[in-house]
Every structure is written in C-alpha cells, then in structure tokens.
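What follows is a structure written as structure tokens; I'll ask about it next.
The values are calculated or read from the model by the stated rules, or taken from the named source; none is laboratory data. For clarity, every value in this text was computed on a predicted model and none was experimentally measured. Methodologically, a virtual Cβ is constructed for each residue, glycine included, from the backbone with ideal geometry; neighbour enumeration extends over all protein chains shown.
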Amino acid sequence: MKWASAISEQTSLGRAIEECAGKVRQSLGQEPTDLAALFVSHHYRAEFDLVPSLVRQHLGPALVLGCSGGGIIGNGLEVEQRPAVSITAASLPGVTLSGFHLAGDSLPDLDAAPQSWEELVKTTASQSPHFVLLADPFSFPVQNLLLGLDYAFARAAKIGGLASGGQQQGENALFLGDQVHRSGAIGVALQGNITVDTVVAQGCRPIGKAMRITRCQRNLLQELDGTAPLAVLRDMFPRLAQRDQELMRHSLFLGVVMDEFIDAPKQGDFLIRNVVGMDARSGVMAIGEMLKEGQMVQFHLRDAQTSADDLTAVLERYASDNRENQAQGALLFSCMGRGQYLYGRPNHDTELFKGRLGAVPLGGFFCNGEIGPVSGTTFLHGYTSSFGIFRAKD
C-alpha cells in the first residue's frame, strides 16, 4: 500500500489537475493508481463536468471519488477562499473498491433488513468493508444513511463529509468514476487488506461535572440529577474563570455520552450538540439531539484554543495507541467554521496532524458537515475535524 497527495492553485482547472496528477504519479513511482480522492474548489464550478475526463487523462483507470469544496486540503496544506484542486491517490494491492451513488429517495426504511442496506452499497458485512462517504447537503438525508449503515455494517469505519461551496441544490458536485452528480450521495466501500482508523475532534472541552438526565422529552432537557438544567448553569457560572463565563454566553454546547456503559467519560466520549434554546421560566433547554433518560451529559465550551487543545489530545491519544501501526495515508474532513476563520491562520489542523503522526500523505476538504464515529456510532457533526487514517491490515 502506498499513498501520495498533491495540491495545486493553478487558475486553469486542466493545469491544476495535470499538476496534481503529475506529483502523485511521481510519488507513487511504478505502483498503479487504484484510488484518486479528488477535491475541487467552487471557483471551477463552470467546468465541473470536465473533471472525470481530465483525471482519467492523467491517472488512467483509477477509481475517482470526490466532490466540490469551499476550501481544499492536499499534501498537508489547507487552501481557503482561493482556487485549488487536490488529489490524494493510493496504490492498494489486495484491496477491492466498490463505488456507489445513492439518490435521496433510494434509502430503505430504517426498519428494513440488513440485506437491503447491503444491496444498496453493493457489498456485504461478511466482506468486512470500510466506507468513505460524500453527500450533497441540499438533497440527501445523511442521518438516515448513517443509521442504516451502522445497523448493517456495525464493525465498519464510516468517514466523510458534505460537499460545500454551493449555496443551493445543483451548485455542488459529486465525482464518482466517470460520472458527475449534482445531488444525492456517493461512496466507496474498501474491502481486503486495509484498515481505516478514525479520529474525530469536536473542538470542545467540558466544564462542571458529568450528570445524568433524570427527565427529558425528545430533544427537551428538563432535569439533570433532579435539577433544571438552567439552574445547574446558574450555579456553575460564578465558579468559572472570566474567560469561561464569557464563552458560556455564546459558545455553550452539551456533550452527550452515547455509550451507556461508560461511567467515567473522557474527552472523545461525548457527542457534542448545540444548545438551541432555553426557557428562563421553567429552566428547560432545547438540544440539537434526541435525548434519553439515564444518559450521562456534561456542558462544554468551544473557542480556538479549546479546539486546538482537543485536536492535540485526540491525535496524541491515537499516536500513543498506534505506535506499532504505520499510517500510510489519510483524509481530513474539516468544518468550514474551522481553518483561518477559527484560528486566524492557515494549516492549523494539518500541522498538528503532521506534528503527531509525521509526514503521512493527507488530503481532504472543508465541509458543510463532517461524518465520523463517537463511541462506536457514526454521526453527522459540525465544527469538527474528522480524519480517516489508512493502513494495511497485514
């Protein structure tokens, strides 16, 4: 297995793809190119339909998987608000690739048998696949797809993101093989001698203490350990540092422990969700997630420093746990709200990745939503950096 990644800022789409293809071919040497993950900024929108033929011209019959993006990542660099194309290519001996396109109305019912989901994505759980998924945010119910794939392929890694750069349906593009799709979702199932590790950094840190939900209704949080959640916050507020008090006013989130067997949650165990409303009279809060009584939750804060600390922590944990496992390549699906907008400078997340894992070929894009697992369940996130890290199984 061998990976390579390149990025180009040529204003001509043809020259940009040619430059990227030339660099990855040079890095791969005599190895054949089996997979080309391609990400193209919205500046080339008028020429999206030319992308598959241009890639095939320079990389031959490699399976192309990619989409449009509001910002592009390649060769460990992040390019935002400027034209850019990246190609992250791989030679994958012993690996079978199965691409698929899904229309918005093609998903089985959520209570359908696993076989229905296997037929949908053209592979079976017995083949032990992993998935890279890309979708158009305006035309596809991504949450339902993730629920179905988790049900049918519980042991499979699922990583990816929502295309960005377009402002309405039809303006984004999904690239699969020799086709360009303007709606739906695409993906590739990877089977055989490959493992996909996932690292999800949600950019938050906890405040206060973990508590149990003692009363809730759908997404309404009514009681924590018998106390109204707004009362919990009012009690916590004067004990916080001044910086955290200010963050609580505009960057407050709720972390939900999705694994009921975790009694002492740590960073990475929480699914971070927005606090979408509060009722000052009743003390009830509305959360951007369906809740269940008995779940453990903890309030969280987010800012640039917190986000950097969180990413550092999860990458260091991964590097420590995988000292014997050599990463060969990686894809990064990062929120449009991160990057220069959050940190005030480019290449923040990619530099942290390189500092902890070394010069692993890394490509990707800035998304309208990021796909990745928390405690073994796959979710659609916001404000997140979601990494898929590829290595040989044997």
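Can you tell me how many residues within segment 277-317 are hydroxyl-bearing (Ser, Thr, Tyr), surrounded by fewer than 20 Cβ atoms within 10 Å (Cβ to Cβ) and either touching a Phe, Trp or Tyr at 6+ places or on another chain (Cβ under 9 Å) or outside any helix (DSSP H, G or I) (or both)? Show your work before the answer.
Here is the first cut: in segment 277-317, the residues hydroxyl-bearing (Ser, Thr, Tyr) are 282, 306-307, 312.
Now restrict to residues that are surrounded by fewer than 20 Cβ atoms within 10 Å (Cβ to Cβ): 282, 306, 312.
Keeping just the survivors that are either touching a Phe, Trp or Tyr at 6+ places or on another chain (Cβ under 9 Å) or outside any helix (DSSP H, G or I) (or both) gives 282.
Qualifying residue count for the region: 1.
Hey, another quick one. Six or more apart or on different chains, Cβ under 9 Å: which pairs go from a residue in segment 136-154 that's in the same structural domain as GLN115 (by TED's automatic domain parsing) to one that's in a helix (DSSP H, G or I) and among the hydroxyl-bearing types (Ser, Thr, Tyr)? Could you list them?
GLY148/SER116; ALA152/SER116
Looking at segment 382-394, which of its residues are within 17 Å of PHE270 (Cβ to Cβ) and either buried (at least 24 other Cβ atoms within 10 Å of the Cβ) or basic (Lys, Arg) (or both)? It would help to see each step written out before you state the result.
Of all residues in segment 382-394, those within 17 Å of PHE270 (Cβ to Cβ) come to 382-386.
Across segment 382-394, the qualifying residues are THR384, SER385, SER386.
Within the group PRO83, PRO108, which residue is closer than 30 Å to SER12 by Cα and in a loop (DSSP other than H, G, I, E, B)?
Details: PRO108 fails: closer than 30 Å to SER12 by Cα.
Sole residue among the options that is closer than 30 Å to SER12 by Cα and in a loop (DSSP other than H, G, I, E, B): PRO83.
Residue-wise test of (1) in contact with an Asp or Glu (Cβ under 6 Å, 6 or more places away or on another chain); (2) of a type in the set (A, V, I, L, M); (3) under 23 Å from ALA359 (Cα atoms); (4) at pLDDT 95 or above.
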| site | (1), (2), (3), (4) |
| --- | --- |
| ILE17 | no, yes, yes, yes |
| ARG25 | no, no, yes, yes |
| SER41 | no, no, no, yes |
| PHE48 | no, no, no, yes |
| PRO61 | no, no, no, no |
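Check ASN274 against each of (1) in contact (Cβ under 8 Å) with a residue 60 or more places away in the chain; (2) in contact with a helix residue (DSSP H, G or I) (Cβ under 8 Å, 6 or more places away or on another chain); (3) in a strand (DSSP E or B) and name the one condition it does not meet.
The failed condition is (2).
Still on this model: Could we say that THR11 is assigned to a loop (DSSP other than H, G, I, E, B), of a type in the set (S, T, N, Q) and either under 20 Å from GLY166 (Cα atoms) or touching a His at 6+ places or on another chain (Cβ under 9 Å) (or both) here? I'd like the intermediate steps shown before the answer.
Working: assigned to a loop (DSSP other than H, G, I, E, B): yes; of a type in the set (S, T, N, Q): yes; either under 20 Å from GLY166 (Cα atoms) or touching a His at 6+ places or on another chain (Cβ under 9 Å) (or both): yes.
Judged against the criteria, THR11 is a match.
Here are LEU230, LEU221: which of them is over 30 Å from LEU332 (Cβ atoms) and in contact with a helix residue (DSSP H, G or I) (Cβ under 7 Å, 6 or more places away or on another chain)?
LEU221
Filtering segment 190-211 down to residues that are polar (S, T, N, Q) and not in a strand (DSSP E or B), which residue is modelled with the highest pLDDT? Write out each step before concluding.
Pass one, segment 190-211, residues polar (S, T, N, Q): 191, 193, 195, 198, 202.
Then drop every residue that is not not in a strand (DSSP E or B), which leaves 193, 202.
Numbers: ASN193: 96, GLN202: 89.
Here the answer is ASN193.
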